[in-house]
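The values are calculated or read from the model by the stated rules, or taken from the named source; none is laboratory data. Bear in mind the structure is a predicted one, so any value in this text is a computation, not a measurement. No Cβ is skipped: glycine too gets one built from the backbone with ideal geometry, and neighbour counts run over all protein chains shown.
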Amino acid sequence: MSARPSPPRAAALLGAPLLGAVLLALGCEVDLERMLEQRKAEAYEASSAFADGMAMRTPPAGTVPALAPTGPEELLSGRSAAGYVTALPLLVSAELLERGQDRYQIFCRPCHGAQGDGETAVARSMLLRRPLSLLDARARALPAGAVYRAISEGYGLMPSYAAQLAVSDRWAVVAYVQALALSQSLRLAELPEELRREAEPWLR
Ligand code: HEC
């Protein structure tokens, strides 16, 4: 690796001071403080603009935040009236599994391991309760909705990943976790002929 910054990075580093210098040379005054200084209502401040004397407003009834996920209950919560959903509530495709693998490697692998067996340096340092192996019988018996819930809401010592993973990404990870568990428990002889021939050279 070279110590010199790559061209895009160098441009980004030089960009801001350069822009400032150009604006100064042109005689423009750059006042970046004005947005902070302008008249405005702060959170929890009193305001005479509204009858209740408060600046903060409650959104009108029925308002949905622009970025709030929408969809059927099963998709958003992983649960239906009958309990955890057992089948994935979206189409499972190769793309979805690839996305799931990608997100799993970033957000789950540090604790649950690349193979899902929970053997990682981070896991070994967690003294109170270690991340479980996603391959063992208890984890494999979890319905898809329970894995989704663990990701969305957290579980015991495991934090929620709702802020990092969109609804579809969480289901992609669920699909990948299921595929991972399957891949670690299949016997070579159980694979279809074509896949077996493809796998054999890797297993020598
Ligand atoms: C910081 C470490 C850590 C990360 C990262 C992490 N987990 Fe966990 N996970 C744990 C621990 C610890 C437990 C056991 C919690 C307990 O028993 O209190 C657990 C439990 C679980 C369970 C079991 C839930 C149940 O109902 O028994 C599942 C499924 C799971 N994790 C999946 C995931 C997935 C998928 C990801 C990635 C989105 C992930 N975890 C990321 C530490 C982690």
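The table that follows gives values for the structure above.
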item: Qualifying positions in the stretch 73-91 - touching a helix residue (DSSP H, G or I) at 6+ places or on another chain (Cβ under 8 Å), farther than 28 Å from Arg129 by Cα and surrounded by fewer than 13 Cβ atoms within 10 Å (Cβ to Cβ); result: Ala87
item: Conditions (1) more than 30 Å from Leu19 (Cβ to Cβ); (2) modelled with pLDDT under 95; (3) loosely packed, with under 10 Cβ neighbours inside 10 Å: number failed by Ala94; result: (2)
item: Residues being modelled with pLDDT under 70 and either of a type in the set (A, V, I, L, M, F, W, C) or touching a His at 6+ places or on another chain (Cβ under 8 Å) (or both) - total across the stretch 16-29; result: 2
item: Filtered residue count, the stretch 107-125, keeping only those that are near the ligand (Cβ under 9 Å from one of its atoms), assigned to a helix (DSSP H, G or I) and either without any contact (Cβ under 8 Å) to a residue 40 or more places away in the chain or in contact with a helix residue (DSSP H, G or I) (Cβ under 6 Å, 6 or more places away or on another chain) (or both); result: 6
item: The stretch 126-143, residues that are more than 9 Å from the ligand (Cβ to nearest atom), surrounded by 14 or more Cβ atoms within 10 Å (Cβ to Cβ) and in a loop (DSSP other than H, G, I, E, B); result: Ser133, Leu135, Pro143
item: Tally, over the stretch 85-101, of residues that are more than 15 Å from Val177 (Cβ to Cβ) and acidic (Asp, Glu); result: 1
item: Looking only at the stretch 160-204, and only at residues there that are of a type in the set (S, T, N, Q) and under 19 Å from Asp117 (Cα atoms), the one that is surrounded by the most Cβ atoms within 10 Å (Cβ to Cβ); result: Gln178
item: Within the stretch 46-79, tally of residues that are farther than 30 Å from Ala146 by Cβ and touching a residue at least 24 places away in the same chain (Cβ under 8 Å); result: 0
